[in-house]
Amino acid sequence: MILVMLGTQNNSFHRLLEEIEKLLDKNKIKEEVIIQAGYTKYQPQNKKMKVLDFVPREELEKLQEKASFVITHGGVGSIITSLERGKKVIAIPRLHEYGEHVNNHQKEIVEKFNKNGNIIGIKSVEELEQALEKIEKFKPKPYTEDNTKMLKIIEDFIENI
């Protein structure tokens, strides 16, 4: 099972779910996909996709444990909790230009974790198929907490609201 985590932002991330469904239909994804969708309202046609709006924390943790890997938006919490559970992660930032977030700070977050070798970070949903081809052999560097740069990104984000 693949877990997709979209966080709890009050914005939709339809683009990612549409791409996942397209890859399921092309048989590029063979496992069941469970989606923690938050505010993203999506009715999949593919029976291998199960969409859950909001998932209690304990249930989400169990899903993370069971997942073969995690696909997530560029939220720090979703990335870190998945890494802490030893999961391989593919992360895609929500983008301001699509109304998915208030700015593009998730680009910086995904780039940082990707540059550190913790995740497979991609810039657009169109890169998801390539990321899926790499995930099996991907050996992530263990996550170690270095809050300085991440805190700066978050502080800058808060100041610009």
**OP:** Please go through region 86-120 and pick out each residue that is without any contact (Cβ under 8 Å) to a residue 40 or more places away in the chain, assigned to a strand (DSSP E or B) and under 12 Å from Gly74 (Cβ atoms).
**Re:** Ala91
Subject >> Selection from region 1-15 of residues that are surrounded by fewer than 21 Cβ atoms within 10 Å (Cβ to Cβ) and either β-branched (Val, Ile, Thr) or under 12 Å from Val70 (Cβ atoms) (or both) >> reply: Met1, Thr8
**OP:** Working only within region 65-80, note down all residues that are of a type in the set (Ser, Thr, Tyr) and within 18 Å of Ile153 (Cβ to Cβ).
**Re:** Thr72, Ser78
Original post:
Cβ-Cβ below 6 Å, separation at least six or inter-chain, first residue in region 26-46 and more than 14 Å from Met5 (Cα to Cα), second β-branched (Val, Ile, Thr) and surrounded by 16 or more Cβ atoms within 10 Å (Cβ to Cβ): which pairs?
Top reply: Glu31/Ile2
Subject >> Sole exception among (1) closer than 19 Å to Glu84 by Cα; (2) charged (D, E, K, R); (3) free of Cβ contacts under 8 Å to residues at least 24 places away in the same chain for Lys141, by number >> reply: (3)
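For every residue, the table says whether it meets (1) in a loop (DSSP other than H, G, I, E, B); (2) within 17 Å of the chain's Cα centre (by Cα).
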{"site": "Asn11", "(1), (2)": "yes, yes"}
{"site": "Lys30", "(1), (2)": "yes, no"}
{"site": "Gly38", "(1), (2)": "yes, yes"}
{"site": "Lys41", "(1), (2)": "yes, yes"}
{"site": "Pro44", "(1), (2)": "yes, no"}
{"site": "Lys47", "(1), (2)": "yes, no"}
{"site": "Val51", "(1), (2)": "no, yes"}
{"site": "Phe54", "(1), (2)": "yes, yes"}
{"site": "Leu63", "(1), (2)": "no, yes"}
Original post:
Does Ile79 satisfy being among the β-branched types (Val, Ile, Thr), without any contact (Cβ under 8 Å) to a residue 60 or more places away in the chain and more than 24 Å from Gly99 (Cβ to Cβ)?
Top reply: no
**OP:** Quick one: in region 16-35, of everything that is of a type in the set (D, E, K, R) and surrounded by 17 or more Cβ atoms within 10 Å (Cβ to Cβ), which residue is nearest to Thr72 (Cα to Cα)?
**Re:** Glu19
Original post:
Condition test on Leu151, is it over 13 Å from the mean Cα position of the chain (by Cα), in a helix (DSSP H, G or I) and at pLDDT below 90?
Top reply: yes
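The values are calculated or read from the model by the stated rules, or taken from the named source; none is laboratory data. It should be emphasised that the depicted structure is a prediction, and the values quoted were computed from it without experimental measurement. Counting neighbours? That spans all protein chains shown, and the Cβs are built from the backbone with ideal geometry, glycine included.
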